[in-house]
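Notes follow the structure.
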Amino acid sequence: MKQTYIFFFCITLLLCYSCDSSSRKATKEFQMISKGKVSLLIDETTPDFSMGLQYLEAEKELVFNINWATNSLQMYDLEDGKLIKSIPFEKEGDQGVGELMAFHVHTLDSIFLFPFRGSYFSLTDTSGNVKHKFRYDAPENHTAAFVHNISFITPPIISGNEIIFKTRPNVVSNYLEMTDDILAGSSLGFRLNLETMQTELLPHYYPKGYLEAGFKRFESSRAQSEDKLVYSFFGDHHLYWSESFDAPLQVVEGKSKYLSEKLPLLPIDRTPIQSQKYSFASSRYDNLLYDPYREVFYRFAYPDLDVETEDEVRALRNNPGKFVVMVFDKNLELLGENIFEGSKYLPLNSFVGKTGLYISLNNPDNPDNEEDRMAFELFSF
């Protein structure tokens, strides 16, 4: 069941998403150092691959996990690894929240729940009682809020009576028909006024020229520090940042030395295996996370993998192979990057805590993998 969850997740990604520069030198020698391991004890209904994790520092260090199988959230004590509470939700009715896809914990009293489909979301707390349901119209030519806790993470930002969401262009009927002009005129997010339920697109757009040489997946991840909003794209070495949602984006170098100088394009005359190889085995960037405790950004990247057969490509769904964690300081200066070999970690199950960066050890090829625990290795400086 647990490996099936991983397979299902990869298929979900493909359905949801449809289908030259030099690096600045690191300012100093920099290595992430292992600080040991922690684990969360899970029950038989909970896969060891999470479909969504979030850390919250409260009276205790908490980790929230979403369980698609039971349409619930689980709250764990990170220190002792025990389940504090499981919070199930109805799919229909007055207390119904739909089929849960993602969540965002703003505070223990304000937990937002997002379904797979529809322009609505719900507000709850650790009691599990639905306090409010929000319905709105998606902004013109854009999708409704896209919230995902695993890949291309872009958490909602709550400020006063507004919430800011990631969106994607919704102009062409087929993802692969996107053009550079349409993409460059599409916003990366929108504001939603929680009182009037009116939306306003943000003046932050996809990079001009992103699709000029050919088609690339155009997914993005956004992270927020105290004074910066930073974007990372699947097929772009650069990082894009702004001081606010109303200020224009600026660009800085952000290339990993482990990735191809020229990032690959999706083949025009492609087979299904070539499409999967492009998505799972080619040089690309994924999550961008901010660490407020050390004031650094972590950019996850994946180098080219030498795979040829269908079995090798399919295996990457469960075992993503080697990956890179780049570390940038608060001014987006590259401090260094660390490469991790495959068959041990699941980088999509990573989160930032007070002590450092936690990366899942529940790779199915890891000989120390325990299916009754979510295990993480803790890295710091």
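The values are calculated or read from the model by the stated rules, or taken from the named source; none is laboratory data. These figures come from a predicted structure and were not determined experimentally. All accessible areas refer to the heavy atoms of the entire protein, side chains included, with ligands and DNA or RNA removed. Shrake-Rupley method; radii C 1.70, N 1.55, O 1.52, S 1.80 Å.
Measuring against 27 Å, Cα to Cα, the residue pairs 85/133; 37/277; 85/330; 82/330 contain 37/277; 85/330; 82/330 as the ones spanning a longer distance. Extension gain for residue 373 to residue 194 (0.36 nm times residue separation, less C-alpha to C-alpha distance): 60.6 nm. Here's the list of aspartates and glutamates a cross-link from residue 91 could span, going by alpha-carbon distance under 17 Å and ignoring same-chain residues fewer than 8 apart: 99, 125.
Give the relative contact order (percent, whole number) for segment 33-380; include only Cα pairs under 8 Å separated by 6+ residues.
Working: 813 pairs, mean separation 47.4, N = 348.
The normalised contact order for segment 33-380 reaches 14 percent.
Entry note, segment 127-240: relative contact order of 21 percent, from Cα contacts under 8 Å with a spacing of 6+ residues.
Taking amide H as placed 1.01 Å from N in the peptide plane, residue 40 has its amide H under 5 Å from the amide H of 374, 375, each at least 5 places away in sequence or on another chain. Scanning residues 5 or more positions from residue 342 or on other chains, those with amide H under 5 Å from its amide H are 322, with H placed 1.01 Å from N in the peptide plane. The largest accessible area among 77, 137 belongs to the first residue in 137, 77, and the rest follow in falling order (1.4 Å probe, all chains).
Looking at the chain, the accessible area is 44 square angstrom per residue; that uses a 1.4 Å probe and ignores ligands, DNA and RNA. With the cut-off at 1.5 for a/c, could you classify segment 176-315 from its C-alpha gyration tensor as rounded, prolate or oblate? Cα axes put segment 176-315 in the prolate bin.
Percent of accessible area on segment 33-380 owned by carbon and sulfur, 1.4 Å probe? Intermediate values should be presented prior to the final figure.
Details: 6530 of 14400 Å².
Carbon plus sulfur share of accessible area: 45 percent.
With 10 Å bins beginning at zero, the pair-distance distribution over Cα atoms of segment 33-380 amounts to 5, 24, 34, 28, 9, 0 %. Here the Karplus relation 6.51 cos²θ - 1.76 cosθ + 1.60, evaluated at θ = phi - 60°, turns the backbone of segment 136-148 into coupling constants of 8, 9, 4, x, 4, 6, 9, 7, 5, 3, 10, 10, 9 Hz, with x for every Gly and Pro.
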